[in-house]
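Below is one structure, written out as structure tokens; comments come after it.
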Amino acid sequence: MGDERYVRQPDLIIDGEDLGCGELLLRLARPLREQPPGALVRLIATDPAAPTDLPAWCRLGGHRYLGAGREPDDRPSFDIVLAPLRAPIRA
């Protein structure tokens, strides 16, 4: 897990700032619906629960969680590949 994070540039980067995961998922809903299946999305999220909540959210939606990393400004980021046959994205 995580190799693709460094081989491929994200198709979309979303800065979740310091939003909690509930608010972050609401912010993600529309932009993710507009992405094609297989798109690589990088989420920047400083919420301390994000490392636990985002992988769980990916499992629920069938998305592939690639792992976490750091942005150049040292904020945490998380890469996700959107599921090819996914259910509608809900917050």
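The values are calculated or read from the model by the stated rules, or taken from the named source; none is laboratory data. On a predicted model such as this, the values are computed, not experimentally measured, just so you know. Every residue, glycine among them, receives a Cβ derived from its backbone with ideal geometry; neighbour counts consider all protein chains shown. Just the protein is used for accessible areas: all its heavy atoms, side chains included, with ligands, DNA and RNA removed. Shrake-Rupley method; radii C 1.70, N 1.55, O 1.52, S 1.80 Å.
Overview of values
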read-out: Global form of segment 36-87, assessed from the alpha-carbon gyration tensor, a/c cut-off 1.5; value: oblate
read-out: Label-point gap, in nm, between Gln35 and Leu60 - each point 7 angstrom along Cα→Cβ; value: 1.7 nm
read-out: Probe 1.4 Å, protein heavy atoms only - accessible area per residue of segment 12-61 in square angstrom; value: 51 Å²
read-out: Surrounding net charge for Asp18, when Lys and Arg each add one and Asp and Glu each subtract one, Cβ distance under 13 Å; value: -2
read-out: Cut-off under 5 Å, modelled amide H: who pairs with Asp15 long-range; value: Ile44
read-out: Net charge over other residues, Cβ less than 13 angstrom from the Cβ of Asp47 (K, R count +1; D, E count -1); value: -3
